[in-house]
1. What are the residues in the stretch 48-99 that are assigned to a loop (DSSP other than H, G, I, E, B) and farther than 23 Å from residue 32 by Cα, if any?
2. Take residue 157 and decide whether it is in contact (Cβ under 8 Å) with a residue 60 or more places away in the chain and in contact with a strand residue (DSSP E or B) (Cβ under 9 Å, 6 or more places away or on another chain).
3. Can you tell me which of 123, 150, 145 is in a helix (DSSP H, G or I) and either free of Cβ contacts under 8 Å to residues at least 60 places away in the same chain or within 16 Å of the chain's Cα centre (by Cα) (or both)?
4. Report yes if residue 15 is farther than 16 Å from residue 71 by Cβ and either touching a helix residue (DSSP H, G or I) at 6+ places or on another chain (Cβ under 6 Å) or modelled with pLDDT under 95 (or both), otherwise no.
5. Just checking, how many residues over the stretch 125-141 are farther than 16 Å from residue 101 by Cα, surrounded by fewer than 20 Cβ atoms within 10 Å (Cβ to Cβ) and in contact with a strand residue (DSSP E or B) (Cβ under 9 Å, 6 or more places away or on another chain)?
6. From the set of residues in the stretch 176-193 that are surrounded by fewer than 15 Cβ atoms within 10 Å (Cβ to Cβ), in contact (Cβ under 8 Å) with a residue 40 or more places away in the chain and over 17 Å from the mean Cα position of the chain (by Cα), which is nearest to residue 124 (Cα to Cα)?
């Protein structure tokens, strides 16, 4: 990894959780909150790790004990968390991980880290639609200007940003690794799978 920027990690936990009907970051698997599990995972692969939050979430009990980067602009969605992280430490590359990926494990993260170097973004291809998975990806410092330009021109979709970058995508070794949880039904199913011992590695 000689010559590469230091790698920091950010867990995106600033969403409104509208489809879930309650805070997704606080959902528990095997007795621990989803955001704490994701934070520990990211921390194992990065020099420093943070949780991305909205300004009104900084003192929330689920998030308050974790290092934070705070969204600077409201209502932008996940790209606000990426921009806030890059603004806080523009010299760093950022491993960006959504908090609602209960089957994401060390192997998938390690593969992203190992692929750094040739491109400004390292991301997986979705098993569901073949498009990039922008919320389990690494963004090098060189992407910051493009992220800011996208926000300035009201292009808020991280997936479209990755598509426009034209980077090649990694294939997932584990098809379930990036399955996310957005609804109570999906949460119940994920919890049952994890309780049955299907723990990511």
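The values are calculated or read from the model by the stated rules, or taken from the named source; none is laboratory data. The structure displayed is predicted, hence computed values, not measured ones. FYI the Cβ positions are ideal-geometry reconstructions off the backbone, even for glycines, and counts take in every protein chain you see.
1. Scanning the stretch 48-99 gives 71, 72, 73, 74, 75, 76, 77, 89, 90, 91, 92.
2. So residue 157 passes the test.
3. It is 145.
4. Criteria not met by residue 15.
5. Residues in the stretch 125-141 being farther than 16 Å from residue 101 by Cα, surrounded by fewer than 20 Cβ atoms within 10 Å (Cβ to Cβ) and in contact with a strand residue (DSSP E or B) (Cβ under 9 Å, 6 or more places away or on another chain): 3 in total.
6. That would be 183.
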